[in-house]
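In what follows, a single structure is set out as structure tokens and then discussed.
The values are calculated or read from the model by the stated rules, or taken from the named source; none is laboratory data. Bear in mind that the values here come from a model prediction, so they are computed numbers and not experimental data. Ideal geometry is used to build each Cβ from the backbone, glycine not excepted, and the neighbour counts take in all protein chains shown. We work out accessible area using only protein heavy atoms, side chains counted, and drop any ligands, DNA or RNA first. Shrake-Rupley method; radii C 1.70, N 1.55, O 1.52, S 1.80 Å.
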Amino acid sequence: MCGNLGPLPSVSDLTGGTDLTLSGTLEEARVKAFGERFLSALNEAAVIAMISLGHRTGLFDALSRTGSVTTHGLAAASGLQERYVREWLHALTVAKVVEIDEEGRFLLPPEHAAVLTRDGRENLAVFAQYLPLLGGVEDSIVDCFREGGGVPYERFGRFHQVMAEDSGQTVLAGLHEHILPLIPGAEAGLSRGIRVADFGCGRGLALIDLASRYPESEFTGFELSSHAVAFAEERVREQGLENVRFVEKDLSDFDETAEEEAYDLVFTFDAVHDQAKPAALLRGIARTLRTGGVYLMQDIHASTDVRGNMDHPMGPFLYSISVMHCMTVSLAQGGMGLGTMWGREQALTMLRDAGFGDVEIHRLDHDPQNDYYLIRKKVA
């Protein structure tokens, strides 16, 4: 790519020499401010791409272990090509993610390592992978803007792998300490032996973890992606578990096919808004949940009205994820295209329309991105 953005245009450049005052249709200060914001966004987007590369190649982990190091030293420590390592280091050095000393040696500050490495306190580099990954379907998304329809799950390559890493930061990281304690009596019931289902389970890591800890209970995961199911089944074989199984299933007609009163505990983790027919899934869950059972739904914390999300700390990112994945995979199935940011108000309406009564909404400190909806199925 060769190009030079050059200096930001002046108001006179943009208006053919016409001098517009603050009361006119174009304000010079706002043009300049937005141009500066755009350049900042362009730089930060490039940083995200480099962070994704650093995570996937293990460069952040290697740099954290080596301490102050030359480009050749880091290449040797990571087993990667020095020329690429050098350019990557230069990009993140000018971005002030990596530091350089007077001798030209590079260092990842420990405060940065805490949020960019697999051994850190919270590996935010995981989330950087979404943007390069979703950029791979941009041409197809452009076609959808023009022709309608959507881009199906199978076009997204590594998406389930990235989602598994993502859920490792939220679901797996807090499953026993934060999430299960939301459900009164959950641990006792799991220890005694109950039937548990996870709909839209992805690679099934949460269920596998529960199955290994609670051998008296039975666990079933349902997932549309055959690749995700195959991954989960391989993990089950590796661990020799006999109390968990995975089913490849399109849940679009689950309101009609659900086994009645089958499960004591049902989970959906960040899954309802992706469904072609989310209302059918929720009705099916209400049908398959035993009386007195509990449904725990984790989904995005947002308002249904965009005006309620103006100060959302991840609003632009999550709406973009919706355009590039969550909405389009639903539309590809001829579905509703609910979108990532369906919001609390619509979620509560759909839960009640599905037959659920009282709904509690919880926020958890370790997961600011999601709401946790807790619903107990009562006697009709």
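Across the chain, Cα pairs under 8 Å and at least six residues apart give a relative contact order of 12 percent.
In this rough spin-label picture, where each label sits 7 Å from Cα along the Cβ direction, the Gln239-Ala33 distance is 5.2 nm.
Mind running the shape call on segment 120-176? Use the C-alpha gyration tensor, a ≥ b ≥ c as the square roots of the eigenvalues: rounded below 1.5 for a/c, prolate if a/b tops b/c, oblate otherwise. Prolate, since a/c reaches 1.5 and a/b exceeds b/c.
By its C-alpha gyration tensor, with a ≥ b ≥ c as the square roots of the eigenvalues, how is the chain shaped: rounded for a/c under 1.5, else prolate for a/b larger than b/c, else oblate? Oblate, since a/c reaches 1.5 and b/c is not below a/b. By how many degrees, 0 to 90 and rounded to 10, does the Cα axis of helix 226-239 deviate from the longest principal axis of the chain? Taking Cα atoms only, the helix is inclined about 70 degrees. Given axes a ≥ b ≥ c from the Cα gyration tensor, I'd like to know whether segment 156-272 is rounded (a/c under 1.5), prolate (a/b larger than b/c) or oblate. Here segment 156-272 falls in the rounded category.
Kirkwood hydrodynamic radius for segment 229-314: how many Å is it when counted over pairs of different Cα atoms?
It works out to 15.2 Å.
Multiplying the residue separation of Glu360 and Asp139 by 0.36 nm and subtracting their alpha-carbon distance yields 75.5 nm.
Quick one: work out the % antiparallel among DSSP beta bridges in the chain, nearest 5.
Working: 15 of 34 bridges.
The answer is about 45 percent antiparallel.
Here the Karplus curve 6.51 cos²θ - 1.76 cosθ + 1.60, taken at θ = phi - 60°, turns the phi angles of segment 316-332 into couplings of x, 4, 6, 5, 5, 4, 5, 4, 8, 9, 4, 5, 6, 5, 5, 5, 5 Hz, with x standing for Gly and Pro.
Once the convex hull of the alpha carbons of segment 49-190 is built, what does its volume come to per residue, in cubic angstrom?
Values: hull volume 24.0 nm³, N = 142.
Dividing the Cα hull volume of segment 49-190 by its residues yields 169 Å³.
Which of Glu36, Glu165, Glu187 ends up with the largest GNM mean-square fluctuation for the chain, with Cα atoms connected below 10 Å? Result: Glu36 has the largest fluctuation of those listed.
Relative to the longest principal axis of the Cα atoms of the chain, helix 28-57 runs at roughly 60 degrees.
Of the accessible area of the chain, with the probe set at 1.4 angstrom, what percent is carbon plus sulfur?
Numbers: 10200 of 19710 Å².
Here carbon and sulfur together make up 52 percent of the probe-accessible area.
Just want to confirm a number: the relative contact order over segment 92-158, from Cα pairs under 8 angstrom separated by 6+ residues, in percent. Over segment 92-158, the number comes to 15 percent. Mind checking which aspartates and glutamates have their Cα closer than 17 Å to the Cα of Lys378? Skip sequence neighbours fewer than 8 apart in that chain. Output for Lys378: Glu260, Glu261, Asp264, Asp353, Asp358, Glu360. Residues in segment 265-316 average 35 Å² of solvent-accessible surface per residue, probe 1.4 Å, ligands and nucleic acids excluded.
So, by mean Cβ neighbours within 10 angstrom, what's the order for 191-204, 55-68 with the highest one leading?
Numbers: 191-204: 21.9, 55-68: 19.8.
Highest to lowest by the protection proxy: 191-204, 55-68.
From the helices alone, meaning DSSP H stretches of at least four residues, give me the mean residue ellipticity at 222 nm for the chain, per-run term -39500 (n - 2.57), in deg cm²/dmol to the nearest 500.
Values: 18 runs with 175 residues, N = 380.
When only DSSP H runs of four or more count, the value is -13500 deg cm²/dmol.
With a probe of 1.4 Å, find how much accessible area segment 71-148 has per residue, and write the answer as a whole number in Å².
Numbers: 4750 Å² over 78 residues.
Roughly 61 Å² per residue, with all protein chains present.
Using a Gaussian network model of the chain in which every pair of alpha carbons under 10 angstrom is joined by a spring, one finds that among Val97, Val329, Val31 the greatest mean-square fluctuation is at Val31. Just how far, in whole angstrom, is segment 27-41 from segment 263-337 if you go by their alpha carbon centroids? Segment 263-337 and segment 27-41 have Cα centres separated by 35 Å.
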